[in-house]
Amino acid sequence: MNVEILNFIGIVVGLGTFVIIGVFHPIVTKTEYYAGKKMWPLFLIGGIVFCAASLFVANPIGSALLAVLGFTSFWSIKELYEQEERVKKGWFPANPKRVPSASADDEQ
């Protein structure tokens, strides 16, 4: 088999996606721990910027990875809200220095 005819674009994009998702998991947990879900607009802006940037990149790998980064940012908005629920269930530690949100008081 001739290595020159193999197409590595899918493998590179898959690996990049794996790394991006792996990096975003601690970003979401740390963001929720220190600032709470109020930071969701930053993920929205990041998603829009990365997706828009992907439209202007000629390299297919770069364009795909920017789009993955953008949609991972969008997904992180949902994960911020779910992370708050995980903290309420005791699955993750709550930040004792941060004042609980009003929605946490409503459930008690």
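The values are calculated or read from the model by the stated rules, or taken from the named source; none is laboratory data. Just so you know, these numbers come straight off a predicted model, no measurement behind them. Methodologically, a virtual Cβ is constructed for each residue, glycine included, from the backbone with ideal geometry; neighbour enumeration extends over all protein chains shown. Ligands, DNA and RNA are excluded from the accessible area calculation, which covers all protein heavy atoms including side chains. Shrake-Rupley method; radii C 1.70, N 1.55, O 1.52, S 1.80 Å.
Taking the stretch 10-46 as the search range and keeping residues that are in contact with a Ser or Thr (Cβ under 7 Å, 6 or more places away or on another chain) and small (Gly, Ala, Ser), which one is nearest to ASN95 (Cα to Cα)?
Taking the candidates together, the pick is GLY36.
Filter the stretch 38-61 down to residues that are without any contact (Cβ under 8 Å) to a residue 12 or more places away in the chain and surrounded by 14 or more Cβ atoms within 10 Å (Cβ to Cβ) and give me whichever is nearest to ILE9 (Cα to Cα).
VAL57
Taking helices (runs of 4 or more DSSP H) that fall entirely within the stretch 33-108, which contain at least 3 residues that are at pLDDT 95 or above?
Output list reads 40-54, 60-88.
What tally of residues in the stretch 25-37 results from selecting those that are open to solvent by 30 Å² or more (accessible area, probe 1.4 Å) and of a type outside the set (Ser, Thr, Tyr)?
The qualifying residues number 5.
For PRO93, are the conditions met, namely being free of Cβ contacts under 8 Å to residues at least 12 places away in the same chain and not polar (S, T, N, Q)?
no
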